[in-house]
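Heads up, the thing below is written out as structure tokens.
The values are calculated or read from the model by the stated rules, or taken from the named source; none is laboratory data. Please read all numbers here as calculations on a predicted model, not as lab measurements. Cβ: placed from backbone, ideal geometry, glycine included. Neighbour counts: every protein chain shown. Areas reflect the complete protein model, heavy atoms only, side chains present, ligands, DNA and RNA absent. Shrake-Rupley method; radii C 1.70, N 1.55, O 1.52, S 1.80 Å.
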Amino acid sequence: MKKLLIIFLLMYSGILIADDKCEKKETIILSVFKKNDYKFYNYTCESGNGKYLKSYIENSKKIKFLSEYSDFAAKEEPQLLAVSVYKSKKNRHPLLITLNSVYYCCSPQMEGAIYKINFYQINSKNQVSLKNITNIFGENSEGFEGMAEGKFYYNYKNIASIKKWLDKNY
């Protein structure tokens, strides 16, 4: 009887410990060191907690996991709003910029969008070598726009405003 129980548990353990299901939402072609040399992949995944985003970056030699973005308390599923490459005029490494958001609705506390910006320094032409340097943006890397005991505005909801900040500060 014990053997039968063990076999049963082993056969159905995949159901008990279900893997998250992911679906590729988009592929974005990027020009980092030369034209169309990198690809950015955005996946929407579903877990027992809700939906979240996974992103990967690839060049001709390697693909690398980049990040996950989730906010399971939000009303709607998270979104990737933008991906871009910033090339500094000061001969620094190029930066990959990602901009995500999630919408909160219909709660007594707040209604609006939360934005999250990430910066990744791309260090190598040959390998996919990234360093998360979001800390250069300080508290501005996340923000809220909407209503929560008054109206709130967030200044960095698009790539143009983010690149303008980088021109002055990076």
query = Quick check: is even one residue across segment 145-155 closer than 28 Å to residue 56 by Cβ and under 18 Å from the mean Cα position of the chain (by Cα)?
reply = no
remark   = Selection from segment 105-119 of residues modelled with pLDDT under 85 and in contact with an Asp or Glu (Cβ under 7 Å, 6 or more places away or on another chain) yields 105
query = Before we move on, is residue 127 in a strand (DSSP E or B) and open to solvent by 30 Å² or more (accessible area, probe 1.4 Å)?
reply = no
inquiry  = If I ask for residues that are of a type in the set (D, E, K, R) and free of Cβ contacts under 8 Å to residues at least 60 places away in the same chain, which ones from segment 91-115 would you list?
reply    = 111
remark   = In the set 137, 152, 119, 144, the lone residue that is touching a residue at least 40 places away in the same chain (Cβ under 8 Å) and of a type in the set (Phe, Trp, Tyr) is 152
inquiry  = Of the residues 139, 68, 111, only one is charged (D, E, K, R) and within 18 Å of residue 25 (Cα to Cα); which?
reply    = 68
note = Taking segment 155-170 and keeping only residues that are touching a strand residue (DSSP E or B) at 6+ places or on another chain (Cβ under 8 Å) and either without any contact (Cβ under 8 Å) to a residue 40 or more places away in the chain or over 30 Å from residue 108 (Cβ atoms) (or both), one is left with 155, 159, 162, 163, 166, 170
Neighbours by Cβ (under 6 Å, 6+ apart or cross-chain): first from segment 62-90, modelled with pLDDT of 90 or more; second among the β-branched types (Val, Ile, Thr) and part of a strand (DSSP E or B) = 64/57; 66/57; 78/102; 83/28; 83/98; 84/97; 86/97
message = Residue under question is residue 138, and the condition is that it be in a helix (DSSP H, G or I) and among the small types (Gly, Ala, Ser); does it hold?
response = yes
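Any residue at all in segment 145-165 that's of a type in the set (Val, Ile, Thr), farther than 30 Å from residue 46 by Cβ and either open to solvent by 80 Å² or more (accessible area, probe 1.4 Å) or not in a strand (DSSP E or B) (or both)? Let's see the steps before the verdict.
First pass over segment 145-165, keeping only residues of a type in the set (Val, Ile, Thr): 159, 162.
The next check asks that each one be farther than 30 Å from residue 46 by Cβ; those that pass are none.
No, segment 145-165 has no match at all.
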